[in-house]
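Colleague: Dropping a structure here in structure tokens format, bear with me for questions.
The values are calculated or read from the model by the stated rules, or taken from the named source; none is laboratory data. Since we're looking at a predicted model, the values are computed, not measured. Note: ideal-geometry Cβ built from the backbone for every residue, glycine included; neighbour counts use all protein chains shown. Surface accessibility is based on the protein's heavy atoms, side chains included, excluding ligands, DNA and RNA. Shrake-Rupley method; radii C 1.70, N 1.55, O 1.52, S 1.80 Å.
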Amino acid sequence: MDLIGTVRREAPGRAAGPAPRTWPIVLVVVLALGVTSLVVRWAASSRFPQVDNFFLIFGSLLIEAFPFVVLGALVSAVIEVFVPVRVFERLARVPGFLQVPMAGLGGFAFPVCECGSVPVARRLVVKGLRPSAAVTFMLAAPILNPVVLGATAIAYRGRELMWAMVLGRAVLGLLAAMAVGWVVGRRSREELLAKGRAHDHEDVEPGERRWSAFSGQMAGDLVMLGRYLVVGAAVAAALQTFIPQSFLGGLAGTPVLNLVALMGLAAVLSLCSESDAFVAASFVQFGPAAQLAFLVFGPMIDAKLVLLYSGAFGKAFTRTTAIVAAAVTLVGALWLEVLIG
């Protein structure tokens with residue numbers, strides 16, 4: 001779910017605008033997949049090995065990841081339209097010392113994407129939840145939700161370290177989210193909210209056409225997540241094909257730098273967490289620790305999230321989140337590298 005779709009329903013009692021029709025978007029997606037399959041088939045019979053390899057990697061990433069993008073958009077739309085905010089507000093009645101870990105684990109029950117978790121977190125703060133708990137939920141949900149963990153398991157199926165990657169992503173993601181939550185939570189609710197410019201929304205009223213809002217929300221999410229997937233798959237395929245393998249091998253074999261490189265790449269690619277595991281798994285030159293850093297850091301800090309964080313909570317919050325998330329992710333990935341090394 002995105003910030004624009006949330007703001008559209010910000011005023012209580014105001015009917016949401018007409019949702020865009022879904023069938024043109026579905027048609028475009030089907031045509032895109034059809035064209036991709038034709039290009040891959042053509043590339044397989046061409047005389048340019050590098051072009052062949054690029055399109056084969058690009059097409060395989062799209063085909064593997066796209067179902068999880070659709071599933072993620074479906075779940076996000078259900079939560080946005082049908083789950084009232086008061087469900088999240090029940091966390092505010094939990095004892096203070098338990099709010100942060102419970103908010104982090106809440107991602108299992110409320111799977112939202114990284115874009116959709118930002119307005120949800122701001123709304124929770126407005127409704128009285130501790131800032132530390134709301135921020136922890138915002139960062140943990142895109143990593144801990146079952147759609148993302150399932151996609152991670154599928155992406156690494158058949159590999160010896162499959163469960164290490166799935167559990168490592170869940171544990172390190174939760175720890176990083178809690179660390180950021182505790183650091184940011186030292187600010188008051190008023191200070192955190194005063195820095196942001198985002199609007200706070202209300203639930204969709206019973207009189208509104210929920211199914212129309214649902215289809216519009218899902219269509220918007222699908223287009224948004226889909227374009228990030230296409231760009232990410234293209235960049236990953238290009239790196240695997242056109243960058244000299246000796247360069248990637250040297251980078252992948254350099255301690256610490258290999259982790260930082262994939263963390264930076266995750267921030268630049270701005271992938272959705274439902275599909276980033278397939279891209280990470282394609283970087284076979286890099287070890288599991290570097291891939292884990294990619295999978296944990298990307299859903300917390302990337303190009304699109306920097307803009308969303310700045311709009312919802314301010315630039316100081318964004319800087320603090322980036323520094324703490326990077327430090328915890330790097331240290332955790334280094335420990336994994338030591339344990340499996």
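Colleague: Pull up segment 179-222, narrow it to residues that are of a type in the set (Lys, Arg) and over 30 Å from residue 66 (Cα atoms), then point me to the one that is modelled with the highest pLDDT.
Modeller: Step by step, filter segment 179-222, then rank; the result is 186.
Colleague: Just one of (1) outside any loop (DSSP other than H, G, I, E, B); (2) over 19 Å from residue 179 (Cα atoms); (3) open to solvent by 30 Å² or more (accessible area, probe 1.4 Å) trips up residue 327, so point out which.
Modeller: Every listed condition holds for residue 327 apart from (2).
Colleague: Which pairs have Cβ atoms under 8 Å, sit 6 or more apart or on different chains, and link a residue in segment 50-64 that is of a type in the set (Asp, Glu) to one that is part of a helix (DSSP H, G or I)?
Modeller: 52/43; 52/44; 64/154; 64/155; 64/278
Colleague: I would also like to ask the following. Determine whether segment 160-168 contains at least one residue that is buried (at least 21 other Cβ atoms within 10 Å of the Cβ), modelled with pLDDT of 90 or more, under 20 Å from residue 263 (Cβ atoms) and in contact with a Lys or Arg (Cβ under 9 Å, 6 or more places away or on another chain).
Modeller: Checked segment 160-168: at least one residue is buried (at least 21 other Cβ atoms within 10 Å of the Cβ), modelled with pLDDT of 90 or more, under 20 Å from residue 263 (Cβ atoms) and in contact with a Lys or Arg (Cβ under 9 Å, 6 or more places away or on another chain).
Colleague: Taking residue 133 as the residue in question, decide whether it is outside any loop (DSSP other than H, G, I, E, B), touching a residue at least 12 places away in the same chain (Cβ under 8 Å) and surrounded by fewer than 21 Cβ atoms within 10 Å (Cβ to Cβ).
Modeller: Criteria not met by residue 133.
Colleague: Kindly provide the set of residues from segment 296-311 that are open to solvent by less than 10 Å² (accessible area, probe 1.4 Å) and either outside any helix (DSSP H, G or I) or in contact with a Gly (Cβ under 8 Å, 6 or more places away or on another chain) (or both), ordered by number.
Modeller: Answer for segment 296-311, where residues must be open to solvent by less than 10 Å² (accessible area, probe 1.4 Å) and either outside any helix (DSSP H, G or I) or in contact with a Gly (Cβ under 8 Å, 6 or more places away or on another chain) (or both): 296, 298, 299, 300, 302.
Colleague: Let me ask something else about it. Give 298, 311 a once-over and let me know the one that is without any contact (Cβ under 8 Å) to a residue 40 or more places away in the chain and within 20 Å of the chain's Cα centre (by Cα).
Modeller: On inspection, the qualifying residue turns out to be 298.
The rows are residues; the columns are (1) touching a residue at least 12 places away in the same chain (Cβ under 8 Å); (2) of a type in the set (Lys, Arg); (3) assigned to a loop (DSSP other than H, G, I, E, B).
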site	(1), (2), (3)
216	yes, no, no
220	yes, no, no
227	no, yes, no
234	yes, no, no
239	yes, no, no
250	no, no, no
265	yes, no, no
273	yes, no, yes
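Colleague: When the residues of segment 252-290 are filtered to those that are β-branched (Val, Ile, Thr) and open to solvent by 30 Å² or more (accessible area, probe 1.4 Å), which remaining residue is nearest to residue 141 (Cα to Cα)?
Modeller: Among residues in segment 252-290 that are β-branched (Val, Ile, Thr) and open to solvent by 30 Å² or more (accessible area, probe 1.4 Å), the one nearest to residue 141 (Cα to Cα) is 268.
Colleague: Got at least one residue in segment 164-180 being outside any helix (DSSP H, G or I) and among the basic types (Lys, Arg)?
Modeller: no
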